[in-house]
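Input: a single structure, listed below in structure tokens.
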Amino acid sequence: VYTSTGSIKQVSLFTQQNLRFGDFGGVNLGVNVTRVTGAIRNPVFINAAQAARADKQNFTLPSYQASAYVKPTANSTLYFTWDRSEALNTGVFGSFLVWGANNQLNELAFHSVSTLYEAGAKADLIPNKLFASVSAFRQSRDTTPDTNGTYLKAVNTYIGPAGFSPFGCFADGVTVWGDSNRLIGRTGGRYGVPGVPKYSANGFIDYRLKNGLGAELAVWYTGKFFTNLSQSVTVPAGYQANLTLFY
């Protein structure tokens with residue numbers, strides 16, 4: 001194992017076209033192309049023939065977005081959005097490059113794919129007094145190129161049974177993390193993602209007097225969730241409320 005120093009340079013070109021069909025609806029199209037140059041080398045070595053390592057590569061990361069909407073009434077909107085993006089995702093324990101196989105950059109870290117499908121509705125239920133929206137989405141995303149592949153639908157597609165124990169620690173002050181899975185002994189497979197609640201909802205009420213004095217109450221609710229893959233520690237459902245006074 002050797003040290004490394006690296007650099008990342010990015011140049012992006014983005015364009016978006018908004019097509020409107022009167023007051024009935026429209027289509028928004030967006031394209032982004034990012035050119036990434038990654039370089040890594042070992043600045044500290046004793047034997048140049050054995051430890052002098054370096055790599056530099058260029059990557060092109062395209063992203064596409066399309067959104068269509070219709071307005072059944074003047075105060076309501078229905079929409080659907082599709083997005084596919086490739087992004088830089090070095091991850092690990094920070095935003096820096098690491099060595100991959102054959103003393104080269106890991107190409108997977110430069111092509112983290114995210115795909116999003118979203119549909120929703122927005123309406124001014126009481127004009128200038130009550131606005132509401134509802135949406136649903138399905139998104140899949142690559143995490144960093146490690147042993148624990150994850151989707152944002154809150155399921156680990158596959159967990160490797162060896163190496164660092166991927167199941168976290170028990171709240172007993174004794175169980176260790178790096179046990180090579182001998183202590184827990186779980187098989188590889190599909191497991192839920194810890195730290196992601198199944199249900200989440202938020203909303204706010206805003207009221208302003210004619211003299212400019214007003215208040216807003218915002219509430220955010222999250223369902224219970226597990227803190228680790230072993231599901232040995234559970235965070236119960238909870239909420240957060242923020243009250244704001246303004247003038």
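Read the figures in this text as sums done on the coordinates, not as results from a lab. In this text the structure is predicted, and so the values were computed from the model without any measurement. In this analysis, Cβ positions are derived from the backbone assuming ideal geometry, glycine residues included, and neighbour counts consider all displayed protein chains.
Once the piece of chain linking N47 and R138 is laid out straight, how much longer is it, given 0.36 nm per residue of separation minus the C-alpha distance between them? All intermediate terms of the calculation are to be shown ahead of the outcome.
On the way: separation 91, 0.36 × 91 = 32.76 nm, distance 5.11 nm.
Contour length minus Cα-Cα distance gives 27.7 nm.
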Checklist outcome for this item: In whole angstrom, the spacing between the Cα centers of region 197-225 and region 121-135 equals 14
Checklist entry - If region 41-84 were replaced by its equivalent ellipsoid, with semi-axes equal to the square roots of 5 times the Cα gyration tensor eigenvalues, what would those be, largest first, whole Å? => result 56, 10, 5
Item to check | Among I46, I8, S63 the positive-end extreme of the charge dipole of region 1-113 (Cβ point charges) | outcome: I46
